1. Looking at region 122-141, is at least one residue within 13 Å of the ligand (Cβ to nearest atom) and either at pLDDT below 95 or within 16 Å of the chain's Cα centre (by Cα) (or both)?
2. Which condition number does residue 152 fail, the rest of (1) touching a residue at least 24 places away in the same chain (Cβ under 8 Å); (2) out of contact with any helix residue (DSSP H, G or I) (no Cβ under 7 Å at 6 or more places or on another chain); (3) closer than 26 Å to residue 196 by Cβ being met?
3. Among the strands (runs of 3 or more DSSP E) confined wholly to region 111-181, which include 1 or more residues that are crowded, with 20+ Cβ neighbours inside 10 Å?
4. Restricting to region 1-25, count the residues that are surrounded by 16 or more Cβ atoms within 10 Å (Cβ to Cβ) and either within 15 Å of the ligand (Cβ to nearest atom) or under 17 Å from residue 108 (Cβ atoms) (or both).
5. What helices (runs of 4 or more DSSP H) completely inside region 1-92 contain at least 3 residues that are touching a residue at least 40 places away in the same chain (Cβ under 8 Å)?
6. Of the numbered conditions (1) more than 21 Å from the chain's Cα centre (by Cα); (2) closer than 24 Å to residue 181 by Cβ, residue 70 satisfies every one except a single condition; which is it?
7. Looking at region 64-76, can you tell me whether even one residue there is touching a strand residue (DSSP E or B) at 6+ places or on another chain (Cβ under 7 Å) and either within 25 Å of residue 16 (Cα to Cα) or modelled with pLDDT of 95 or more (or both)?
8. If you scan region 75-96, which residues turn out to be away from the ligand (no atom under 16 Å from the Cβ) and more than 15 Å from residue 29 (Cβ to Cβ)?
Ligand SMILES: Cc1cc2nc3c(=O)[nH]c(=O)nc-3n(C[C@H](O)[C@H](O)[C@H](O)COP(=O)(O)O)c2cc1C
């Protein structure tokens, strides 16, 4: 049985395009694997706290040396990391806010990327001391933005820091292979009209198709697309 962690970060509880795309992705997945386990973490509605100096010192203190207050400082993080650890698929329903991650999602990231739980740090590795301790997960980003043309060669090439940021996190920290990172987005929300309708329809179809394909692939292989080397 696949375990899917859905992380919603739209501030809009209703009429949210990213929530709609995630619903379709999951519905499609269920049509292939009805027993798929879905855990929803809605940071759009309940943002995790930002990390503090107390959080940082607790995270960098070995488990057995932590005080009660330190355990308390990490309690939200512990729950969120457990959810990530137990997931086979990380599904980010994530809108573009000010050319980057919604603050609620960034807070989630900062709470989750924990030394000793998600990554290890070893200067013996030279210039790249950080290594994920996770592996075998797929990551899917279902996004929406109000403008358009953020693709390579487009009029806003280089302005979109959401997808590259999530891709770096997924592949460098959450142990997702490059081939197992997928992103779909609807454009033109702020313009409305035919261009938006068309883009939204394409994104809905792509989200449904991806849900089916990834579910079929995992059911057949019982593994992600490739195992980490
Ligand atoms: C706070 C905020 C910031 C936004 N910043 C951008 C932006 O930088 N670029 C853009 O193209 N759209 C931007 N938008 C538009 C959203 O990306 C768009 O409305 C999207 O559909 C929101 O996702 P949702 O429908 O799931 O709520 C912004 C919207 C909000 C509310």
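1. Within region 122-141, one or more residues are within 13 Å of the ligand (Cβ to nearest atom) and either at pLDDT below 95 or within 16 Å of the chain's Cα centre (by Cα) (or both).
2. (1)
3. 137-144
4. Within region 1-25, residues that are surrounded by 16 or more Cβ atoms within 10 Å (Cβ to Cβ) and either within 15 Å of the ligand (Cβ to nearest atom) or under 17 Å from residue 108 (Cβ atoms) (or both) number 17.
5. 17-32, 75-85
6. (2)
7. No, because not a single residue in region 64-76 is touching a strand residue (DSSP E or B) at 6+ places or on another chain (Cβ under 7 Å) and either within 25 Å of residue 16 (Cα to Cα) or modelled with pLDDT of 95 or more (or both).
8. Listed by number, the residues that qualify are 75, 76, 77, 78, 79, 80, 81, 82, 83, 84, 85, 86.
The values are calculated or read from the model by the stated rules, or taken from the named source; none is laboratory data. Everything numeric in this text was worked out from a predicted model, so none of it was measured. Glycine gets a Cβ as well: all are built from the backbone with ideal geometry, and neighbour counts include every protein chain shown.
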